[in-house]
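Step one of this worksheet: look at the structure below.
The values are calculated or read from the model by the stated rules, or taken from the named source; none is laboratory data. Nothing here was measured: the structure is a model prediction, and the numbers come from that model. Positions of Cβ are backbone-derived with ideal geometry, glycine not excepted, and every protein chain shown enters the neighbour counts.
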Amino acid sequence: MLDYAQARRLMVDCQLRTFDVNDVAVLDAFGEVARERFVPQGREDFAYIDQTLRLGRPGRAMPAPMLLARMVQALAIQPGETALDVGTGYGYGAAILVRLGAEITALESDGDLAAGARARLADLAHITVVEGALEAGAPQAAPFDAILVNGRVETRPQALLDQLRDGGRLVCVMGRDRAAKATLFVRAGDAFGSRPLFDAALPALGAFAAEADFAF
């Protein structure tokens, strides 16, 4: 049987630290959360591989550890902040964010995934799992200091950006196919600045798909 504690240590040391993840709080969070609890049943031994893990739903996946860690690091979560985890899947990202001291709303559009997230997160305080359209966000819990999107978006997620408080940050993988990049948005009043962070690959979230191009 795989030693999950050892696999978690190796993930932190060999994947995260070597991929420019140097925030001690982020490294500690990834070292504490049992990733194997948040994968589909029967896939526990694949929890710590350096790959995105499909969740058995179209376009839905758990980001590879080093990708998720760099996205979380870019959010620069501070204790006491509020955060929205969009497309939470079975709740791994939410569990990481709450370890950093944030109050979490975990948003999931798939009923089975939402139920799985509630079961897996039941022993953690300061997390609320809500079911609803990913592109709509969670306006009832807004504004947020930070928003994490667990999937690739092809269009600017404006409804989510509008739910940031002034100074709030959103990180997502944005673009099409190989041109996609992890991107950080920061709100300043009614304006939103953005900057690409690094090349990244994730399955596209259908809720944020761009309109198809027409050929004549």
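Could you grab the pairs with beta carbons closer than 6 Å, sequence gap of 6+ or different chains, first residue in the stretch 95-111 and touching a residue at least 24 places away in the same chain (Cβ under 8 Å) and within 16 Å of G151 (Cβ to Cβ), second one in a strand (DSSP E or B) and of a type in the set (K, R)?
none
Among the numbered criteria (1) more than 20 Å from V149 (Cβ to Cβ); (2) of a type in the set (V, I, T); (3) touching a residue at least 24 places away in the same chain (Cβ under 8 Å), which single criterion is violated by V33?
(1)
Going through A122, A76 one at a time, which residue ends up being surrounded by fewer than 19 Cβ atoms within 10 Å (Cβ to Cβ), on the phi > 0 side of the Ramachandran plot and either out of contact with any helix residue (DSSP H, G or I) (no Cβ under 8 Å at 6 or more places or on another chain) or not aliphatic (A, V, I, L, M) (or both)?
Result: A76 is the single residue among A122, A76 that is surrounded by fewer than 19 Cβ atoms within 10 Å (Cβ to Cβ), on the phi > 0 side of the Ramachandran plot and either out of contact with any helix residue (DSSP H, G or I) (no Cβ under 8 Å at 6 or more places or on another chain) or not aliphatic (A, V, I, L, M) (or both).
Can we say I96 is under 23 Å from P139 (Cα atoms) and of a type in the set (A, V, I, L, M, F, W, C)?
Taking the combined requirement at face value, the residue satisfies it.
Yes/no matrix, rows are residues, columns are (1) over 13 Å from T88 (Cα atoms); (2) among the acidic types (D, E); (3) surrounded by fewer than 20 Cβ atoms within 10 Å (Cβ to Cβ); (4) modelled with pLDDT under 95:
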{"position": "E108", "(1), (2), (3), (4)": "no, yes, no, no"}
{"position": "V129", "(1), (2), (3), (4)": "no, no, no, no"}
{"position": "Q140", "(1), (2), (3), (4)": "yes, no, yes, no"}
{"position": "R169", "(1), (2), (3), (4)": "yes, no, no, no"}
{"position": "A179", "(1), (2), (3), (4)": "yes, no, yes, yes"}
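Restricting the search to the stretch 112-141, which residues are in contact with a strand residue (DSSP E or B) (Cβ under 8 Å, 6 or more places away or on another chain), more than 23 Å from E36 (Cβ to Cβ) and either assigned to a helix (DSSP H, G or I) or of a type in the set (A, V, I, L, M, F, W, C) (or both)?
Of everything in the stretch 112-141, those that are in contact with a strand residue (DSSP E or B) (Cβ under 8 Å, 6 or more places away or on another chain), more than 23 Å from E36 (Cβ to Cβ) and either assigned to a helix (DSSP H, G or I) or of a type in the set (A, V, I, L, M, F, W, C) (or both) turn out to be V130, L134, A138, A141.
Restricting attention to the stretch 91-102, does a residue exist that is of a type in the set (D, E, K, R) and more than 29 Å from M1 (Cα to Cα)?
No: the stretch 91-102 contains no residue that is of a type in the set (D, E, K, R) and more than 29 Å from M1 (Cα to Cα).
Looking only at the stretch 36-80, count every residue that is among the acidic types (D, E), in contact with a Phe, Trp or Tyr (Cβ under 8 Å, 6 or more places away or on another chain) and touching a residue at least 40 places away in the same chain (Cβ under 8 Å) and tell me the total.
Number of matching residues: 1.
Take the stretch 79-98 and flag every residue that is among the aliphatic types (A, V, I, L, M) and closer than 14 Å to P65 by Cα.
A94, A95, I96, L97
When you go through (1) among the acidic types (D, E); (2) surrounded by fewer than 23 Cβ atoms within 10 Å (Cβ to Cβ); (3) over 28 Å from D13 (Cα atoms); (4) in contact with a strand residue (DSSP E or B) (Cβ under 8 Å, 6 or more places away or on another chain) one by one for E103, which number turns out not to apply?
Among (1) among the acidic types (D, E); (2) surrounded by fewer than 23 Cβ atoms within 10 Å (Cβ to Cβ); (3) over 28 Å from D13 (Cα atoms); (4) in contact with a strand residue (DSSP E or B) (Cβ under 8 Å, 6 or more places away or on another chain), the lone unmet condition for E103 is (3).
Suppose we filter the stretch 1-24 for residues that are surrounded by 16 or more Cβ atoms within 10 Å (Cβ to Cβ) and either farther than 25 Å from G42 by Cβ or without any contact (Cβ under 8 Å) to a residue 12 or more places away in the chain (or both); how many remain?
Selection size over the stretch 1-24: 4.
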